[in-house]
Amino acid sequence: ESRERLSVCSKLCYAVGGAPYQITGCVLGFFLQIYLLDVAQVDAFYASIILFAGRVWDAITDPMVGFFISKTSWTRFGRLMPWIIFSTPFAIISYFLIWFVPDISTGQVMWYLVFYCAFQTLVTCFHVPYSALTMFISREQSERDSATAYRMTVEVLGTVLGTAIQGQIVGNVDTPCIKDPFFFSLTNSSVAMEELNMTHDTESLTDTRNAYMIAAGVIGGLYILCALILLLGVREKRESSELQSDEPVSFFQGLKLVMNHGPYIKLIAGFLFTSLAFMLLEGNFALFCTYTLGFRNEFQNILLAIMLSATLTIPFWQWFLTRFGKKTAVYVGISSAIPFLIAVVVLDSNLFVTYVVAVAAGISVAAAFLLPWSMLPDVIDDFKLQHPSSRGHEAIFFSFYVFFTKFTAGVSLGISTLSLDFAGYQTRGCSQPGQVNFTLKMLVSAVPVGLILLSLLLFKLYPIDEEKRRKNKKALQDLR
């Protein structure tokens with residue numbers, strides 16, 4: 001049979017579609033916590049509620065969108081593309097409003113909660129169909145793997161863009177902090193904070209707040225550009241995912257079949273804990289750099305070093321998994337983060353060492369980006385061989401994979417922000433109490449290392465190795 005080749009242009013246009021989700025997700029992951037605490041001046045307890053509720057709602061919307069996609073009829077644009085078209089403008093509006101500080105004395109928490117949840121819903125309407133599109137651009141496994149590598153490279157580049165745009169625009173504005181040695185010795189910190197805020201001019205935050213809105217506008221423009229490139233450059237092929245014996249199966253019957261598929265559950269379990277580890281690191285790294293390491297004016301550049309390193313090493317991991325297999329790449333790639341996560345808290349605060357650790361950690365971040373999305377199509381192919389009469393469940397696989405990782409990430413980020421509140425986090429403080437610094441060290445080092453070790457144990461149970469993958473590919477060709 002002649003192989004169904006994808007042109008480099010098609011792969012690039014497909015890959016660009018993954019950038020909006022990663023750009024906005026990276027910015028929200030790295031900057032939303034510190035924005036709520038130090039710029040919008042939301043109490044740490046309420047900030048934890050916003051982060052927790054937003055992430056959990058984001059997780060819930062994934063299977064909901066997956067369900068509605070499965071019920072969507074094919075149009076001349078495809079079954080997935082209309083979701084991407086109609087969600088984009090509303091997503092940009094809600095994203096901008098997340099970074100706007102409303103001039104209201106009450107209801108500020110509800111403002112951020114509503115627009116954070118709204119944006120998560122709308123970006124899900126973009127990303128779930130986009131993820132499932134992997135199965136509709138080609139029926140050739142090697143072509144899908146190649147397109148996935150292009151996509152992961154662009155997505156990591158998207159995180160670089162998001163980090164660079166947000167970090168450089170916001171980092172060039174000096175956010176004022178409160179210097180008061182007596183401040184931290186007060187037992188009733190919330191009352192003390194309220195009194196001190198009244199004595200400090202809130203107008204001093206105007207430049208910082210404007211910088212956040214400018215960054216949101218630039219990122220919104222990139223979101224539109226990437227969506228247009230995807231829509232104009234990629235054709236959704238209905239026949240790419242269908243087998244000769246396909247018959248439609250109901251959503252809930254398909255969901256039951258998917259959740260009973262052993263390789264899928266084992267893959268989810270392994271990457272669940274890996275995602276948790278990197279989510280905790282992402283959510284607390286800005287605070288860790290600012291307060292524990294003392295690099296208040298450098299944290300955005302350290303984040304940029306991590307993302308640049310990850311971008312440059314994506315091609316290496318694509319070569320590595322092709323040469324040595326995907327399971328081997330998981331063990332080597334993800335475990336390589338452990339010594340650097342330990343070193344960043346054990347070594348004395350040193351800017352040069354921190355940059356070296358950041359670059360090295362980015363190598364592992366690249367593996368964590370690439371491997372889940374590269375291995376998931378193999379699981380779907382294995383499912384199709386076991387259930388040749390079932391079709392149209394690609395969105396279920398992708399949406400529930402994202403659901404489990406987002407739900408647990410929401411719980412972990414909510415708990416981590418709440419932990420900072422219990423440790424005595426001081427809003428707009430130039431420094432933090434020792435308990436806060438200790439808590440930040442646990443959240444970016446000890447807990448992620450434990451989660452990574454647990455995930456590596458779970459990957460031992462994953463059954464699809466290179467030999468199994470080759471057999472599945474041959475069997476699918478015969479079935480088609």
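Can you tell me the length gained on complete extension of the stretch residue 237 to residue 297, counting 0.36 nm per residue apart and subtracting the Cα distance?
16.8 nm
Tell me, what HN-Hα J-couplings in whole Hz come from the Karplus equation 6.51 cos²θ - 1.76 cosθ + 1.60 at θ = phi - 60° for each residue of the stretch 356-369, using x for Gly and Pro?
Each residue of the stretch 356-369 in turn: 4, 5, 4, 5, 5, 5, x, 4, 6, 4, 4, 5, 5, 6 Hz.
For the stretch 5-31 and the stretch 290-328, what is the separation of their Cα centres, given in Å?
Rounded to whole Å, the Cα centres lie 17 Å apart.
If one takes the longest principal axis of the Cα atoms in the chain, at what angle in degrees, from 0 to 90 and to the nearest 10, does the Cα axis of helix 44-70 lie?
That works out to roughly 10 degrees.
Quick one: of 384/471; 327/468; 384/468; 327/460; 327/406; 326/460, which pairs are farther than 18 Å apart, Cα to Cα?
In this structure, 327/406 exceed 18 Å between Cα atoms.
Given the C-alpha atoms of the stretch 249-479, compute the convex hull and give its volume per residue in Å³.
126
For a label point 7 Å from the Cα of residue 415 along Cα→C-beta, name the residues of the stretch 435-465 whose backbone N is under 17 Å from it.
What the label zone holds, given the 17 Å backbone N cut-off, is 439-455.
Taking R0 as 45 Å, what FRET efficiency do you get between residue 76 and residue 348 from their Cβ-Cβ distance, rounded to the nearest 0.05?
That gives a FRET efficiency of 0.10.
What does the helix-only formula give at 222 nm for the chain: each DSSP H stretch with n ≥ 4 adding -39500 (n - 2.57), the total divided by the residues, and the result rounded to the nearest 500 deg cm²/dmol?
Per the formula, -25000 deg cm²/dmol.
Based on the mean of other beta carbon atoms within 10 Å per residue, what is the order of 448-459, 68-79, most packed first? Write down the numbers at each step before the final one.
Values: 448-459: 17.9, 68-79: 14.5.
Highest-to-lowest ranking by the protection proxy: 448-459, 68-79.
Can you pull the one-decimal nm distance between simple spin-label points at residue 323 and residue 457, each 7 Å off the Cα toward Cβ?
With each label placed 7 Å out from Cα toward Cβ, I get 3.2 nm.
Subtract the Cα-Cα distance of residue 8 and residue 252 from 0.36 nm times their separation in residues, and report this length gain in nm to one decimal. All intermediate terms of the calculation are to be shown ahead of the outcome.
Numbers: separation 244, 0.36 × 244 = 87.84 nm, distance 3.73 nm.
Contour length minus Cα-Cα distance gives 84.1 nm.
Please list 329-336, 430-437, 348-355, 272-279 highest first by mean number of surrounding beta-carbon atoms within 10 Å per residue. If you can, show how the numbers build up before the last one.
Details: 329-336: 19.6, 430-437: 17.4, 348-355: 12.5, 272-279: 23.4.
Sorting 329-336, 430-437, 348-355, 272-279 by mean packing, highest first, produces 272-279, 329-336, 430-437, 348-355.
Measure out, as a whole number of angstrom, how far apart the alpha-carbon centroids of the stretch 441-461 and the stretch 51-107 sit.
Using only Cα atoms, the two centres lie 31 Å from each other.
Taking amide H positions as placed in the peptide plane 1.01 Å from N, state which residues far from residue 429 in sequence (5 or more) or on other chains have amide H under 5 Å from it.
Close amide H contacts, sequence-distant or interchain: 178.
For the chain, find the longest principal axis of its Cα atoms and tell me its angle to the long axis of helix 81-98, 0 to 90°, nearest 10.
Value to nearest ten degrees: 0.
Label points 7 Å out from Cα along the Cβ direction at residue 85 and residue 478: separation in nm?
Each label point lies 7 Å from its Cα, and together they span 4.2 nm.
Relative to the longest principal axis of the chain, what angle (0 to 90°, nearest 10) does the C-alpha long axis of helix 108-132 take?
Approximately 20 degrees, to the nearest ten.
May I ask you to work out the translational diffusion coefficient for the chain at 10 °C, viscosity 1.306 mPa s, via Stokes-Einstein with Rh from the Kirkwood sum over Cα pairs, reported in whole µm²/s?
Working: Rh = 23.1 Å.
Roughly 69 µm²/s, to the nearest whole number.
Normalised by the residues of the chain, what does the relative contact order come to in percent, with Cα pairs under 8 Å and at least six apart? Numbers along the way, then the final one.
Values: 680 pairs, mean separation 140.5, N = 480.
Reported relative contact order: 29 percent.
Every read-out reported here was derived from the displayed coordinates using simple, explicitly stated rules and does not represent laboratory data. Predicted, not measured: the structure shown is a model, and the values here were computed from it. All Cβ positions, even for glycine, are placed from backbone atoms using ideal geometry, and neighbour counts span all protein chains on display.
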